[in-house]
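Below: one structure, written as C-alpha cells.
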Amino acid sequence: MSKKLFSLLLCITLVASLLVGCGSKKQENKVGVAMPTKDLQRWNQDGDNMKKALEAAGFEVDLQYASNDVATQVSQIENMINSGCAVLVVASIDGGSLGDVMAKAKEAEIPVIAYDRLIMNSDAVSYYATFDNYMVGQIQGQYIIDTLDLENQAGPFTLECTTGDPGDNNANFFYGGAMDLLQPYIDEGKLVVTSGQTDFATVATANWDTANAQSRMENILSSYYADGTNLDACLCSNDSTALGVANALAANYTGTYPIITGQDCDIASVKNILDGKQSMSIFKDTRTLANQVVKMVTQILNGETVDVNDTETYDNGAYVVPSFLCEPVYADINNYKELLIDSGYYTEDQLK
Ligand code: BGC
C-alpha cells in the first residue's frame, strides 16, 4: 500500500470514529436522568426510585447529580446526548438556564421529560411530570386556615411567609396557591403579616437553602417579634425552608409555638412533626412520580400515546407543555403512621 493511500485510509478511519464518538448514536434502551443535587433528601430518593423503576423495566440508566451547579448540569446533559441516551429525564436546577442544551437534545431528536420542575422557554421539552404544584400551595394555605379556624375566630393572627428559589418555577405555584387562599384573610385583617413581607422576591429563599431561610427569619424575629408579639403561623413552601424557620425560632423566640407548614416529608422534618416543631408536610410519594415517568418513557419509546392529564396549566414561555400531575396529600401527627410507615416509605426506626 502506498504511503498516500495509507494516510488517506487512516484519515477516513479517524473521522469515522470521531463521528461515532460525538454523534448521538442512540441506544434505544438508555435513559439519562439529571437530578439537581444530593444535598436534599428528596432528590436522592427521586434518583434512586427512578433508577430502580427504570432498570426493572429493562432500561439502562445514566443517573447524574449536579451539586446545584447549573454548568455541571448542562455538561452532564450534553454527555447524555453524546452518549446516545434515547430519552432524557431532567429535574432542573434553574428552569431558565437549559435552553441551549435543550436545543441540542431537540436537534438529536431526543425527547425530554421535565421532572418535577418545569424547564422554561424551550420547545424541546416534550412532557412534564410533577405533583400538582398549585395544589401543594393550596393544601398548605388551607391547613393554616383550618388550624387557626379563621372562619370562626376573630383573630387577628400573625403570619410570616417563606418560599423557595426564584429560579424554580414551582416556587411561584406553591406560593401562589397558598396566597390565593390566605390573601383574603390578610385583606380582611384577620391575618397580619407583621413584617409586611409578602411579595415573592422578598420571601424567596435562594437555592431553597436552610441557612438562608434561617437567617431571614432571625432578622424578622429580632425586628418584629422581640417585643413579645406572638407569631401564630409560618407558611413555608418546603421542608428545607421550614427547618431554617424552626432553627431560627429555637434560638430566638419564646412565645407560643407557631403553625409551620412544609413539603417533602424529609426525615428531619417528620422528626420535627413528631417533636411538635413543625405542623405538617406535603407528602409527595416519589415512588408514584418515578413510576409515572417510567410509564411515560416506555410509551415514548414504543411510539404510544403518552399519558397526560393537564394540557393547560404549564406554559413554559415557549408553549403549554403537556403534563401529568400527581396528587399531593399532607402528613401531620395524626396520619403520618398510615402515610409514611404503613406504606413502607419509611421504617419506624428511621424516624427515631
Ligand atoms: C420541589 C420540592 C423541593 C424543592 C427544593 C421543588 O422544585 O418540588 O419538592 O422541596 O424543589 O428542592
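The values are calculated or read from the model by the stated rules, or taken from the named source; none is laboratory data. Since the model is a prediction, treat every value here as computed from it, not as a measurement. Methodologically, a virtual Cβ is constructed for each residue, glycine included, from the backbone with ideal geometry; neighbour enumeration extends over all protein chains shown.
Screening 105, 154, 171 for residues that are in contact with a helix residue (DSSP H, G or I) (Cβ under 9 Å, 6 or more places away or on another chain), small (Gly, Ala, Ser) and away from the ligand (no atom under 16 Å from the Cβ) leaves exactly one candidate, 105. Screening 339, 289, 325 for residues that are of a type in the set (A, V, I, L, M) and under 24 Å from residue 260 (Cα atoms) leaves exactly one candidate, 339.
Listed by first and then second residue, the pairs with beta-carbon distance under 7 Å, at least 6 apart or on different chains, first residue in the stretch 112-137 and β-branched (Val, Ile, Thr) and away from the ligand (no atom under 15 Å from the Cβ), second part of a loop (DSSP other than H, G, I, E, B) and at pLDDT 95 or above, are 112/124; 125/119; 125/316; 125/321. Would it be correct to say that residue 244 is assigned to a loop (DSSP other than H, G, I, E, B) and modelled with pLDDT of 95 or more? So residue 244 does not fit the description; no. Each residue in the stretch 147-167 was checked for being assigned to a loop (DSSP other than H, G, I, E, B) and in contact with a Ser or Thr (Cβ under 8 Å, 6 or more places away or on another chain), and 4 pass. Of the residues making up the stretch 222-231, those that are surrounded by fewer than 22 Cβ atoms within 10 Å (Cβ to Cβ) and either assigned to a loop (DSSP other than H, G, I, E, B) or within 16 Å of the ligand (Cβ to nearest atom) (or both) are 226, 227, 228, 229, 230. The set of residues in the stretch 25-57 being of a type in the set (A, V, I, L, M, F, W, C) and either within 24 Å of residue 109 (Cα to Cα) or out of contact with any strand residue (DSSP E or B) (no Cβ under 6 Å at 6 or more places or on another chain) (or both) consists of 31, 33, 34, 35, 40, 50, 53, 54, 56, 57. Scan the stretch 199-221 and give yes if some residue there is on the phi > 0 side of the Ramachandran plot, more than 14 Å from the ligand (Cβ to nearest atom) and free of Cβ contacts under 8 Å to residues at least 40 places away in the same chain, otherwise no. Scanning the stretch 199-221, I find no residue that is on the phi > 0 side of the Ramachandran plot, more than 14 Å from the ligand (Cβ to nearest atom) and free of Cβ contacts under 8 Å to residues at least 40 places away in the same chain, so the answer is no.
Number of residues in the stretch 281-328 that are under 27 Å from residue 55 (Cα atoms), touching a helix residue (DSSP H, G or I) at 6+ places or on another chain (Cβ under 9 Å) and part of a loop (DSSP other than H, G, I, E, B): the value is 9. Could we say that residue 277 is of a type outside the set (Ser, Thr, Tyr), within 12 Å of the ligand (Cβ to nearest atom) and in contact with a strand residue (DSSP E or B) (Cβ under 8 Å, 6 or more places away or on another chain) here? No: the conditions fail for residue 277.
Given the structure, is residue 144 assigned to a helix (DSSP H, G or I) and within 16 Å of the ligand (Cβ to nearest atom)? Taking the combined requirement at face value, the residue does not satisfy it.
For the stretch 144-189, a residue qualifies if it is modelled with pLDDT of 95 or more, closer than 30 Å to residue 317 by Cα, crowded, with 18+ Cβ neighbours inside 10 Å and acidic (Asp, Glu), and exactly one does: 165. Within the stretch 238-274, take every residue that is more than 18 Å from residue 44 (Cβ to Cβ) and within 11 Å of the ligand (Cβ to nearest atom) and give me the one that is farthest from the chain's Cα centre (by Cα). So, considering only residues that are more than 18 Å from residue 44 (Cβ to Cβ) and within 11 Å of the ligand (Cβ to nearest atom), the one farthest from the chain's Cα centre (by Cα) is 242.
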